[in-house]
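The structure appears below as structure tokens.
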Amino acid sequence: MLVYFLLIIPALVFLFLAFSYWQERKYRRKPFYRLSDVGWQHCTPPDDAMRLHSVAMLGDVGAVATDGSDPVLHTLAAWQQEAGAKGTAIFLGDNLYPVGLPPVGNIHRPAAEKRLHLLLQQLHHYAGQGILLSGNHDWNKGRKNGYAQMLLQENFVKAHAGENIQYLPANGCPGPVTIQLAEGLLLLIINTQWWVQKGEKPLGEAYGCAYAHIDEFFVALNSILQQNRHQRILVAAHHPMYSNAMHGGKFTMKQHIFPLTTANKRFLIPLPIFGSIYPFYRKFFGADEDMSHRRYKKMRKRLLRIFHRYSNIIYVAGHDHNLQHFEIRDNHYLVSGSGSKTAFVQKGGKATFTLEQLGFFIIDYYSNGQVWLEARTAAAEGTKGGTVVFRKELSFSHVPVPAQTERSG
């Protein structure tokens, strides 16, 4: 009897893992839509003439090709032509892999400079504006000397960028920084890496930061949101508030069976059961950059406590290398982190849309107060503009209309 038990249990476990792996293979790199959004192709935004502003949001572009062949940058160039001067391109951090911009003399410095020059060149001749945020890799992967490394990148951008390009928040401060993109559309930028960073991080007048204590940041954030309840507010940061991917504790069955593939795809050493220890640790305890880590969890809890008081917020981040959209308590939360890499994202849950492909989200804001979200995947070789794989009007419980439209009516 014991022999049968010892044979049946492993067999059932194997069948479960095999079935789960087969299910994942079926939807990997295919878009997932919430049932009510399945017919998104029939949803049509207002005429282009009514568009007040367009925002392209690209996260984790730090591994783009530098030989002129990068499909994401080609897609961005097509969007830049469409948007013209009424557009803002935001790089959501992790602008340079693997450790940001190293010091002069470092063996990796020339390659990092070349990639950063390419990103700045993409924005330099653009009629609109470009904004760069910093992510954990820009802070030397969150190591204790990360602040100094981030400043190298910020100062490089300031020295080589045009007047239409900004690196925000300045000096590595937590923020918040606001930019009025159009009448009725406010951009608010937060440096979420500040909360999860180890070692030195700036705060107070000595560093050029507005606040001496981090609690003052949350007071200022709430005040800005309170004073701008009549506007749409786009909050840009590096770390997501919601995610169905690795930093949100989601792993593939392959990663449970072959856990070493998380470090290198070639390490196909089967470690079933033992292999699940690492994913479970990341899910419930977390590495420094995971949502379950105590520093990240504390930051997320305080931010969401404020965001949930309002119903006019679109929060966009990178960090996880995929595209995701969530509707939570009348606000919208995006992950737009597949600017140069892709990684597994689990379908369903609280997500309304997920996709594991290179690309980025676009927000279009119109004079009638409508806000439209578009997911565009990278242009295939020999094509321009990319492919629209999802589009929807973002609904809010309160619908403010720009003042200029009210006057014209």
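The values are calculated or read from the model by the stated rules, or taken from the named source; none is laboratory data. If you're wondering where the values come from, they're calculated on a predicted model, not measured in any experiment. FYI the Cβ positions are ideal-geometry reconstructions off the backbone, even for glycines, and counts take in every protein chain you see.
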Just to be sure before I move on: is residue 317 under 16 Å from the mean Cα position of the chain (by Cα), of a type in the set (Gly, Ala, Ser) and surrounded by fewer than 24 Cβ atoms within 10 Å (Cβ to Cβ) in the structure I sent?
no
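Can you tell which of 224, 179, 190 is under 23 Å from the mean Cα position of the chain (by Cα), under 21 Å from residue 83 (Cα atoms) and of a type in the set (A, V, I, L, M, F, W, C)?
Criteria check complete, one pass: 179.
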Do you know which of the residues in region 370-395 that are over 16 Å from residue 76 (Cβ atoms) and of a type in the set (S, T, N, Q) is modelled with the highest pLDDT?
370
Please state which of the following conditions residue 54 fails to meet, knowing it meets all the rest: (1) modelled with pLDDT of 90 or more; (2) assigned to a helix (DSSP H, G or I).
(2)
Exclusive hit being at pLDDT 95 or above, of a type outside the set (D, E, K, R) and part of a strand (DSSP E or B), set 151, 203, 181, 221:
181
Consider only pairs whose beta carbons are under 7 Å apart and that are at least six residues apart or on different chains; among these, list those whose first residue lies in region 214-231 and is farther than 22 Å from residue 201 by Cβ and whose second residue is at pLDDT 95 or above and part of a loop (DSSP other than H, G, I, E, B).
225/310; 229/310; 229/312; 231/184; 231/312
Got a sec? Which of 67, 94 is assigned by TED's automatic domain parsing to the domain that holds residue 319 and modelled with pLDDT under 95?
67
Can you find a residue in region 330-346 that is at pLDDT 95 or above, among the aliphatic types (A, V, I, L, M), closer than 23 Å to residue 46 by Cα and under 14 Å from the mean Cα position of the chain (by Cα)?
yes
Answer yes or no: is there a residue in region 331-341 that is hydrophobic (A, V, I, L, M, F, W, C), closer than 20 Å to residue 32 by Cα and crowded, with 19+ Cβ neighbours inside 10 Å.
yes
Can you tell me which residues in region 124-182 are hydrophobic (A, V, I, L, M, F, W, C) and in contact with a Leu (Cβ under 7 Å, 6 or more places away or on another chain)?
131, 133, 152, 156, 157, 161, 165, 168, 177, 179, 181, 182
